[in-house]
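What follows is calculated from the coordinates using simple rules that are stated; it is not laboratory data. Just so you know, these numbers come straight off a predicted model, no measurement behind them. Quick reminder, even Gly has a Cβ in these numbers, built from the backbone with ideal geometry, and neighbours come from all protein chains shown.
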C-alpha cells in the first residue's frame, strides 16, 4: 500500500509565505482562500522571545472527522490516504468545517476578484472551481495521479509532487510514502522525531512536523 | 485539446536575481509559474524562486495596469489636480517624446548650469537594467544624461558598505561564505526578507549543518526570528557594540585568538605611522616602512620576510610623510607606532561597559558575542577549495540598512572589516566575503578588478581631490564627482551619490547650496520617488515643476501623477531580454556557474504595452541617434558583449532598423561564442527553448584571498592614511571654492574613525526644532518583508494577502508592555507624531520589539496607486525629515526617526 505523507521541517521554515502564494496561483484560489496558511506564533516575553512559524494545512488524516460528518459523501478518503473533495457532490453544508480540528477548510462562498473588474486570468481560471463548496489542501492529488500515470515518483519528480514542496525556498517541505520505511519521509520522521499536531484528537494526521532545534 | 507549454524565463524583481523559472502556459494563458530545478546544481537558491516570482502572474494580468500610452490634458500639476489623461497611440507618444528631446538637444547637451538637460530616474539603482532591454544603449548614444537624481541611493541602502567595502576588498555588498561558515553575526542584515530565494535556501542548508546565527537588531525581524540568538540592541548604536567587540579581542583576549599571520602579511597593521598621522616612508622609494625586529631597523613594507615584521610597538624611525596636496614632512629619529599599535590604543576606551550603556545591552551579552567569535575562528586551520589550500575562518559579519548608512556608517563598516581582519576571516572560506562589486569593473569578476596599486594595496581609482584634477564645476545635480571621492565615476556611481542635495537645490537652491536647474526632459523607469525617497512632499513639488516628464509606468501612481506622458512597458512575462547571471550578484546570490539567461514573452502582451528594446530603437530612430545607439550595442554596452569577435560578426548596420528579436538574436550568438571561446553559437531560438547557457565558475574565485596572495597585496586596513589624506584634500578644494556646507561631512575622513553615541544626533535635531527629546520617546524604524523587498509590488493584492500573514504588516509594531502603559490595545488606532508630521496607524502588539521602538513594515502611504491607496498604511518617509547637514560623507542618511505615540479615542 501507499500512504502519502508530508513532512514539514520547522527548523527551516522561515515564514516567507512562498508556499501559500505558490499554492494559490497553481490552484487558482481567489481572495482570502489559503490552503496553506503559515501561522506565526510568538513565544516568551521581551527580551526572551521567539517566533515559530507553523504551516497549517489539511492534515489528510488517516481517520478523518470530516468524512464522518459529510452528508453527501463529497469528502472521502482515497486508498493512498489523501482526503479529497468531490466538488460536484459537495452541498456546501460546512459540517466538515465544524468537524475539522485543524481549521483547515474554507467555504468558497462566492466567486470574488482581487480587482474591481476581474482580470483575464481570473475569468479563465476561477471557473476551475465550483462556487458554494468547501475547499482544502488535497496534496495536489491530481498532480500525483498524473505523475504516476507518467511513471513519475511523487516526492521526487517535480510534476508528480504537491506544488508547495518544490516551491519552498527553504527546502522545508518533504513528501513521500510512509509505508515505505526507506522513503525520505520515513527516514526524516524517524531521525528527527517527527510529531503531529493535536495527536490526542485521534485523527492520525498525515502531516508531520520536524521540531525546531534552536 | 489544450496546448500546454513551459516557457523558460527569469525573475529579477530584486537584486538577488535572476531566479530562473518556467511560465506554465495553457492555450495562451500563463496559468502559473514554477521553479526551474534543472539549474539547481549551479543556482544559489537550488533552483527555487521566491514569493514575488509567483506574483508575476497577477502582475501581468492586473486590470489596474496602464493599458496604453496616456497624455496629460490638464497642464496644471498637483496632487489634487486631475491630470485629465487621454489615450494616444504609441506612434504619437513616441513622436512627442522624441520631439521634446530633439528640442532640448538643439540647445546643447548641457544647460546654463552645466548640467545635463536630460535626466533619468530609476528605482532600485541597478536592478532595472535586467528589464530595460537596450535602453542603456540609447542613454549612451544620447551622451549627456544625469542619473544622479534618483536611483534609490542612500535610503534603505547599504550605502557605506558599498563605498568603503569596494575600496577595501571589492565588496559592494558582503555575504557570509554560508556553505562553510559556523557563525554569522548579523547587525541588522535582513537576509530572510531581502536576501531573495538564495538567502533563504543557503541559510536553510547551513541550518541543517548546524551553524549558529546571531541577529543584532531592535526588533524580532524576519531574520531575527530565524536566528539562534536575538540581541535587541538600541537603534543606531551598532557601531558602539562592534567597537566594544574589537576592544575585547584586543584588550581582553590572548593574542593567540588573533590571526597574527594574516595581520602581518595581508593588512597594513605593521606599517609605521608618522607624527602627522600618515604612513612614514622611505625617503628614496617613498614606500611605507615597517620595523624589522631582527635587524632592529625600518624596512620598506615589501622587503621583509614575515617573521621579521613588528606588529606591535613604537620605534624611532627617520623618513618622510606625504600628506594632502603632496605636502611632505621630513623626520629624523621620531617615534612611530605601528598601525596595529595605534589601533590597539585607539580602541582602549571602547570597553564593553561603555558600549553596554549606549546599546542598552547586558555586558554579558557583549562578552558572549566576543567569546563566540573566538570559539569559531579556527585560527591556523585550512581548507581545500578548487584544489588550493586556503585559510578556514568560519565567522562572518553582516551589516544591514540603517546600520551602515548615515551617521556612524563609516564606523560600522570599518569595525566590521576590522573584526574580520583580527581573526583573518576576510575573503577566506567561512568568513565575510564581498559578494559583488559594482563601482569597479568588471562587475562579474572581482579577481580581474584587482591590480597592484600604491603602498602595497590594490589599486583604487577614486574621484580626484588634487588641485589639477578636482572638478571645479559639478557634472551632475548630486555633485558626486565633486563631493564624494569614494563614489568613483563609473556607471553605478550616480546611483550612490548624495541625491538629497540634487532635489533640495533644484530650482531655488537650498541654504548655501547653489541652485541647480531642472532638466528639460526627465525619463522615469520603475521608481516611485514620491513614496520611496526622503522628503516626499518636496519631491512632489519639484516633480510638478519638471518641464517635460515621461514615466514608463505600470499603474497610475504617486509619481506618474505628475507626468506629461505615461508609457506602459511590458511586464516580466511579456518582454524579451538576455542578461548575465552569476558568478555573484548580491548578498547570497553566489553561483557555482555563470552565463546568460533569457527572459521571453510567455504569451501575447495583455495590453497595448511595448518592449523596452523596441522602445529604445524607436526613440533612437526618431531622435536621429540610431547609428550611435547601434554603435553602443556593437561595442558591448549591453551585457559587456561586443557583437564582433573571433569567429563571429553580428554587428548592427546603421542603415537598418532591427526588431527586438533581431537584436537579441545577435547578442545571444555573440555571448555564447565569447563564453564558450568559439565552441558554441546559440541563437535566440536556442535560448528560447533552453532558457539559459552556463559554464562552470571555479568557486575559489569567490574569495579574494588567493588573488591578494598572488599579487602580494595587503588590504588597506586598519589604518586609513589615504582616507585621511583625501579628506583633507577635498576640504582644501571645497574651501578654495568657498563651499563650506560640506564641512560636517569632511569630518568623516579619519584614519581611525572615532565612535560615539549617534542617537544624540536625533535628540539634537529635536532640540533645534524647539522640541523636547523626552517627549519623543520612541524610535520609529522600518523593516522589510519578502513580499515587498524591491519588486514594486504595492499594487498587487496577492502580495498584500500573503503579507498579512506576517506580523506587523497591517500597522505599527509596538512592544506589548510599552503599549499597555499607554493604554493601547491590539488593533487600536494610534497617532505617530514626529516633528514633521503626524500619521495614524493600527497598533500591532508584540513582545519581539524593544519597548522604546516601533516598527513599520515596507513602504506605503500611497494615495494614488490602485489597491495600495486603500491599505491605510502610513509612509515612514513622511515622518522622517532628516537634516541634510547630517548626511554622511557619501551622501546617505539613516532610516529612523524619533516619534511620540498616542491612542486615538474614537
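For the reader, a short list of remarks on this structure follows.
- Computed E for residue B:822/residue B:863 - FRET, C-beta separation, R0 22 angstrom, nearest 0.05: 0.20
- Distance from the C-alpha centroid of the range B:27-93 to that of the range B:635-658: 30 Å, rounded to the whole angstrom.
- To the nearest ten degrees, helix B:612-622 and the longest principal axis of the Cα atoms of chain B are 70 degrees apart.
- Just so you know, the Rg over Rh for the range B:705-801 is 1.16, from Cα atoms, with Rh as the Kirkwood radius.
- For chain A: rounded, prolate or oblate by the Cα gyration tensor [a/c cutoff 1.5]: rounded
- Most to least packed among A:189-195, B:622-628 [average Cβ atoms within 10 Å]: B:622-628, A:189-195
- Highest-first arrangement of B:475-488, B:191-204, where packing means the average Cβ count within 10 Å: B:191-204, B:475-488
- Peptides B:671-680, A:137-146, B:273-282, ordered by how many other C-beta atoms sit within 10 Å of their residues on average, highest first, read B:273-282, A:137-146, B:671-680.
- Annotation: for a label point projected 7 angstrom from Cα along Cα→Cβ of residue B:838, residues of the range B:883-906 with backbone N closer than 20 Å are B:897-906.
- Per-residue shielding of A:36-45, expressed as the average number of other chain Cβ atoms within 10 Å of the residue Cβ, stands at 3.
- Residue of A:114, A:102, A:126 that the Gaussian network model of chain A assigns the largest fluctuation, springs spanning Cα pairs under 10 Å: A:114
- For the range B:863-884, the residues whose amide N sits under 20 Å from a probe point set 7 Å from the Cα of residue B:74 along the beta carbon direction are B:863-867, B:869-870.
- Cβ-based exposure ranking for B:449, B:740, B:244, in which fewest neighbours within 10 Å come first: B:740, B:449, B:244
- Taking the longest Cα principal axis of chain B as reference, the axis of helix B:660-675 is set at about 30 degrees.
- Considering only beta bridges that DSSP places wholly inside the range B:441-552, some 25 percent are antiparallel.
- The Cα atoms of the range A:124-205 cover 45, 35, 25 Å along the three principal axes, with the biggest extent listed first.
- Pairs of Cα atoms nearer than 8 Å and 6+ residues apart set the relative contact order; for chain B it is 18 percent.
- Spatial extent of the range B:197-237: Rg and Dmax, with the Cα atoms as the point set, Å: 11.2, 32
- Averaging 1/r over each pair of different alpha-carbon atoms in chain B and inverting the result gives 28.4 Å, the Kirkwood hydrodynamic radius.
- Within 10 Å of each Cβ in B:33-42, the average number of Cβ atoms from other chains: 2
- Relative contact order, whole percent, for the range A:123-214 stands at 13, derived from Cα pairs under 8 Å and 6 or more residues apart.
- Ranked for footprinting exposure by Cβ neighbours inside 10 Å, fewest first, A:149, B:388 give A:149, B:388.
- Taking other C-beta atoms within 10 angstrom as a stand-in for reagent exposure, B:330, A:123 fall in the order B:330, A:123, fewest first.
- Over the C-alpha atoms of the range B:411-515, the Rg to Rh ratio, Rh being the Kirkwood estimate, stands at 1.06.
- Averaged over the residues of B:204-211, the number of partner chain Cβ atoms lying within 10 Å of the residue Cβ comes to 4.
- Cα radius of gyration and Dmax for the range B:128-199 (Å): 16.4, 50
- Each helix, a run of at least 4 DSSP H residues, gives -39500 (n - 2.57); summed and divided by the residues of chain B, these come to -7500 deg cm²/dmol at 222 nm.
- Rounded tilt (10° steps) of B:238-251 against the dominant C-alpha axis of chain B: 30
- Antiparallel bridges, percent of DSSP beta bridges restricted to the protein assembly as shown (to nearest 5): 70
- Calculated diffusion of the range B:117-270, Stokes-Einstein form, Kirkwood radius summed over Cα pairs, 37 °C and 0.692 mPa s, µm²/s: 174
- The range B:193-210-the range B:722-738 distance, computed between alpha-carbon centres (Å): 44
- Part-to-part distance (alpha-carbon centres) for the range A:80-95 and the range B:667-683, which is given in Å: 54
- Counting only DSSP beta bridges with both residues in chain A, the antiparallel share comes to about 85 percent.
- Sites residue A:87 and residue B:386 - FRET efficiency at Förster radius 60 Å, r taken between beta-carbons, to 0.05: 0.60
- Computing Rg and the Kirkwood Rh from the Cα coordinates of the protein assembly as shown gives a ratio, Rg/Rh, of 0.96.
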